[in-house]
Every structure is written in C-alpha cells, then in structure tokens.
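Heads up: the structure comes next, in structure tokens.
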Amino acid sequence: MASQSMEIMAKALEHQVLQSARMVEEKLDAELGKLERMDDDEMEKLKERRLEALKKSQKQKQEWLSKGHGEYKEIASEKDFFPEVKESNRVVCHFYRDSTFRCKILDKHLGILAKKHLETKFIKLNVDKAPFLTERLRIKVIPTLALVRDGKTKDYVVGFTDLGNTDEFPTEVLEWRLGCSDIINYSGNLMEPPTLTQKTGTKFSKVEKKTIRGRGYDSDSGSEDD
C-alpha cells in the first residue's frame, strides 16, 4: 500500500515537472516567435530602447559613485552626518566604538555590502566623536546601524539581535536584514533569513519589512536597548 502511494506521488511529481518545463518552453517559443516577426524597424527600435536603458543605468551608477557609494568610509564628525544623508536617498550608518570588538565584525560585512549595493551609501561614525547625534537618536547599544531613507532615520539594527544572536553570522544575513527595511535592493526571500549553520542558542527575532523603529533625526527618535 505504501509503495503504491509512493508511486502515485512520484508520477504526480513527474507530471508537475513536465508541465512546468512545457510552460517554460512555450513561453520561450513565444518570445522567439515575436522576435522573428519583427521587421528591421522594430528590431532597431528594440536595440535603441535597450541601449538607452543601459546608458541610464550607467549614468545612475556614476552618480552614486560620485557621491561616495561603493565604498565603506568613516566620516570625521557628527556635523558631517547631515550632508552625507541629505546627499543620498539610502544610507546605512554604523555607530561604533573602537573598544567594542563586535563593531569590527560589522565592519567586515559592511565593507562587502558597500561594494555590492551601489544604490546605498555605507558610512561609519565613532560615537565618542558624536555625543549630540548619539543622544538625539537615542543610541544606547553599540554597535547600532541607523538606516536612513530620504533624510530620515527609518529603522535601526541594534546589536546582533536581528542577526541570529551570534558573532558568526554570514554577510547574507545582514544583507537580508537590511533588505527587510528596504534600505538596499534585496533580491532574496524577505519572509525568512538565509540558512545559517545553526548553533545552539542561535535564533532570529521576527523582522517585518519596512519596520519603523525611529523617526527622523530632526525630531525625537529612538533605538531599542538590548
């Protein structure tokens, strides 16, 4: 009886795979047919549209690079924070302290993500050089990432709570967490974090996309204390 059920399930799975493959093939055939039916003028217009899109993408990339995107840099003082976040639509600012070793862990991951996500500016600021801003944003736990969108602090990543409560989280987990706040263009599944090599005690706090934990730096805003 069990073997018969397994056979039925196998056949159903095979049918589903074949059906999916057939749909993909039909879609591809339709696209090829559409291209074959195009005359020279239509093909030329298609090439022009693709070239224009490529030029636009390249122009946007150059604009980001000119504003300091693509690298993870330190800003000298809190007075530099405001022009940095006003210049770019999306900014991740790492509030750190030299004596906190977990800040160095974040440095490694943020350096990788800065190169990968040109659409977002990645900066760091020493809290000992930014007492006013640290108090205004109510940053009590180090490290803290302030996620700034359109000039306003929209969310915070406080310590490693949202990163699995472990010092050994992979870069992909931080990338996922930033994606949940829409501070980067994330192409993965936002419903759950990337698979971790689980350790005892490793767990994730539930994070909703675009969680709002703070308000703009020009008003009272807050972060969560661990």
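What the table shows:
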{"read-out": "Residue within segment 146-167 that is at pLDDT 95 or above, of a type in the set (Val, Ile, Thr) and in contact with a Cys (Cβ under 8 Å, 6 or more places away or on another chain) present", "value": "yes"}
{"read-out": "Residues of segment 91-138 satisfying the condition of being small (Gly, Ala, Ser) and under 20 Å from the mean Cα position of the chain (by Cα)", "value": "Gly111, Ala114"}
{"read-out": "Of the criteria (1) open to solvent by less than 80 Å² (accessible area, probe 1.4 Å); (2) under 22 Å from Trp176 (Cα atoms); (3) among the basic types (Lys, Arg), which one Lys67 fails", "value": "(2)"}
{"read-out": "Count - residues of segment 74-88 that are surrounded by fewer than 15 Cβ atoms within 10 Å (Cβ to Cβ) and not in a helix (DSSP H, G or I)", "value": "3"}
{"read-out": "Scan of segment 107-123 for residues that are touching a helix residue (DSSP H, G or I) at 6+ places or on another chain (Cβ under 9 Å), open to solvent by 10 Å² or more (accessible area, probe 1.4 Å) and charged (D, E, K, R), ordered by number", "value": "Lys108, Lys116, Glu119"}
{"read-out": "Residues of segment 171-193 satisfying the condition of being part of a loop (DSSP other than H, G, I, E, B) and open to solvent by 20 Å² or more (accessible area, probe 1.4 Å)", "value": "Asp182, Asn185, Tyr186, Ser187, Gly188, Asn189, Leu190, Met191, Glu192, Pro193"}
{"read-out": "Single condition Gln62 does not satisfy, out of (1) open to solvent by less than 60 Å² (accessible area, probe 1.4 Å); (2) at pLDDT 75 or above; (3) in a helix (DSSP H, G or I)", "value": "(1)"}
{"read-out": "Top-ranked residue of segment 72-90 - restricted to ones that are in contact (Cβ under 8 Å) with a residue 60 or more places away in the chain and within 18 Å of the chain's Cα centre (by Cα), ranked as nearest to Asn126 (Cα to Cα)", "value": "Val85"}
{"read-out": "Filtered residues of segment 142-170 (kept if of a type in the set (Val, Ile, Thr) and open to solvent by less than 20 Å² (accessible area, probe 1.4 Å))", "value": "Thr144, Val148, Thr153, Val157, Val158"}
{"read-out": "Enumeration of residues in segment 107-129 that are over 19 Å from Ile183 (Cβ atoms) and touching a Phe, Trp or Tyr at 6+ places or on another chain (Cβ under 7 Å)", "value": "Asn126, Val127"}
{"read-out": "Boolean, Val141 is among the aliphatic types (A, V, I, L, M), over 17 Å from Phe169 (Cα atoms) and outside any strand (DSSP E or B)", "value": "yes"}
{"read-out": "Residue list for segment 124-133, restricted to those being assigned to a helix (DSSP H, G or I) and either touching a residue at least 60 places away in the same chain (Cβ under 8 Å) or open to solvent by 20 Å² or more (accessible area, probe 1.4 Å) (or both)", "value": "Asp128, Lys129, Pro131, Phe132, Leu133"}
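The values are calculated or read from the model by the stated rules, or taken from the named source; none is laboratory data. Only a predicted model underlies this, so the values are computations on that prediction, with no experimental measurement involved. No Cβ is skipped: glycine too gets one built from the backbone with ideal geometry, and neighbour counts run over all protein chains shown. Protein only, heavy atoms only, side chains kept; ligands, DNA and RNA dropped before computing areas. Shrake-Rupley method; radii C 1.70, N 1.55, O 1.52, S 1.80 Å.
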